[in-house]
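A.B. asks: Please see the structure below; I have some questions.
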Amino acid sequence: MMNLEIRHALDSESGVILEFIKGIAKYEKLSDQVIATENDIYNSVFVERSAKVIIAFLDDTPVGFALYFYNFSTFKGRKGLYLEDLFVYEQYRKLGIGKALFEYLLKEARQNNCGRMEWVCLDWNQPAIDFYLSKKARPMDEWTIFRIDEKDFM
């Protein structure tokens with residue numbers, strides 16, 4: 001039986017969080033876009049509290065994480081939980097760790113009176129898409145995501 005623990009990250013784990021971020025970037029073939037530093041993570045998550053992080057430990061080894069924050073739905077008049085990243089190292093996949101992280105977040109959303117939970121998923125990531133569909137999530141195909149990078153802020 002595996003000894004899985006999921007808990008909120010400690011401020012001493014900024015480096016662990018950054019390694020997860022690099023891991024998901026590598027999986028998504030976007031490693032060249034990671035410019036965050038351990039100090040950036042520390043300041044954003046633990047000082048400014050711009051996001052929250054949960055980490056999954058298997059026998060005291062960090063094996064997966066999720067980074068999320070709260071947004072707001074004007075239509076629902078309540079906050080929502082926005083999942084930015086959910087990632088499990090490849091050698092620990094198929095053990096239910098991603099499912100456990102996701103269910104932890106659903107519980108967080110319920111306990112915090114969120115009106116919904118949202119995230120984006122790359123269109124080629126079929127294992128993730130299948131997983132989300134199995135959780136009764138539905139794609140929002142009628143919406144287009146727009147982005148402006150900081151270099152273009154005016």
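All of the numbers you see were taken from the coordinates with simple rules; none came from a lab. Treat the numbers as computed from the prediction; the structure is a model and nothing was measured. So basically every Cβ, Gly included, is an ideal-geometry build from the backbone, and we count neighbours across all protein chains shown.
A.B. asks: Mind checking which lysines have their Cα closer than 20 Å to the Cα of Lys22? Skip sequence neighbours fewer than 8 apart in that chain.
C.D. replies: Correct list for Lys22: Lys52.
A.B. asks: Using only the alpha carbons, work out the radius of gyration and Dmax of segment 47-154 in angstrom.
C.D. replies: Answer for segment 47-154, Rg first and Dmax second: 15.3, 48 Å.
A.B. asks: Of the GluC sites (Glu not before Pro) in segment 29-121, which ones lie in a loop per DSSP and count no more than 15 other C-beta atoms within 10 Å?
C.D. replies: On the way: sites: Glu38, Glu48, Glu84, Glu90, Glu103, Glu108, Glu118; in loops: Glu48.
Within segment 29-121, the qualifying GluC sites (Glu not before Pro) (loop, at most 15 other Cβ atoms within 10 Å) are Glu48.
A.B. asks: Could you check the simple spin-label distance between Ser31 and Trp124, using points 7 Å along Cα→Cβ, in nm with one decimal?
C.D. replies: In this crude label model, Ser31 to Trp124 measures out at 1.6 nm.
A.B. asks: What value, in deg cm²/dmol to 500, does the helix sum -39500 (n - 2.57) over DSSP H runs of n ≥ 4 give at 222 nm once divided by the residues of the chain? List each step's numbers first, then the result.
C.D. replies: On the way: 4 runs with 42 residues, N = 154.
Helices in the chain give a 222 nm mean residue ellipticity of -8000 deg cm²/dmol.
A.B. asks: May I ask which of Lys29/Lys151; Lys107/Lys136; Lys76/Lys151 have a Cα-Cα span longer than 27 Å here? Don't jump to the answer; show the numbers that get you there.
C.D. replies: Numbers: Lys29/Lys151 22 Å; Lys107/Lys136 15 Å; Lys76/Lys151 33 Å.
Table pairs above 27 Å Cα-Cα are Lys76/Lys151.
A.B. asks: Roughly speaking, what is the centre-to-centre gap between segment 60-120 and segment 11-33 when only Cα atoms are used, to the nearest Å?
C.D. replies: What the calculation gives is 17 Å, centre to centre.
A.B. asks: In addition: Would you mind telling me which residue in Asp59, Asp141, Asp130 has the biggest mean-square fluctuation in a Gaussian network model of the chain, where springs connect alpha carbons within a distance under 10 angstrom?
C.D. replies: Asp141
A.B. asks: Label-point separation (nm) for Asn43 and Thr61, each offset 7 Å from Cα along Cα-to-Cβ?
C.D. replies: Between Asn43 and Thr61, the label points sit 3.4 nm apart.
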